[in-house]
Amino acid sequence: FPYSVKGAKKLEGEVVIGHGVAVANAADRGHPVGVELLLYVIHGCLHLCGYDDRTDRQQAEMRAKERHYLAALGLPDVADS
């Protein structure tokens, strides 16, 4: 989550990922846990960059960004699974 003061030129923050949650979600969704963990890293980094997912519009924008970065890494689209 962002630590930086609004308008600051330096990005600071921390992304916390629940490994157990990722293991369970990956199993439920039928893809590797490593991909699920990477999705969480991407999602957290997007939050640090100022993206949010509180509204439907924001959520759609964030899913599109997640898909973009997963594809750039050659990984399957698991953003909506």
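What to note about this one:
- The packing ranking, built from the mean of other Cβ atoms within 10 Å per residue, places the peptides 60-73, 17-30 in the order 60-73, 17-30, highest first.
- Whole-percent carbon and sulfur share, accessible surface of the chain, 1.4 Å: 57
- Cα-based helix-to-principal-axis angle, 19-29 vs the chain, degrees rounded to 10: 50
- Kirkwood Rh in Å, taken over the chain so that all alpha-carbon pairs contribute: 13.4
- One equal scatterer on each Cα of segment 23-63, no solvent, Debye formula: the resulting log10 I(q)/I(0) at q = 0.31, 0.32 Å⁻¹ is -0.92, -0.94.
The values are calculated or read from the model by the stated rules, or taken from the named source; none is laboratory data. As the structure is a computational prediction, the values presented were derived from the model and not from experiment. Here the Cβ is made from the backbone with ideal geometry for all residues, glycine too, and neighbour counts use every protein chain on show. With ligands, DNA and RNA removed, areas are computed over all heavy atoms of the protein, side chains included. Shrake-Rupley method; radii C 1.70, N 1.55, O 1.52, S 1.80 Å.
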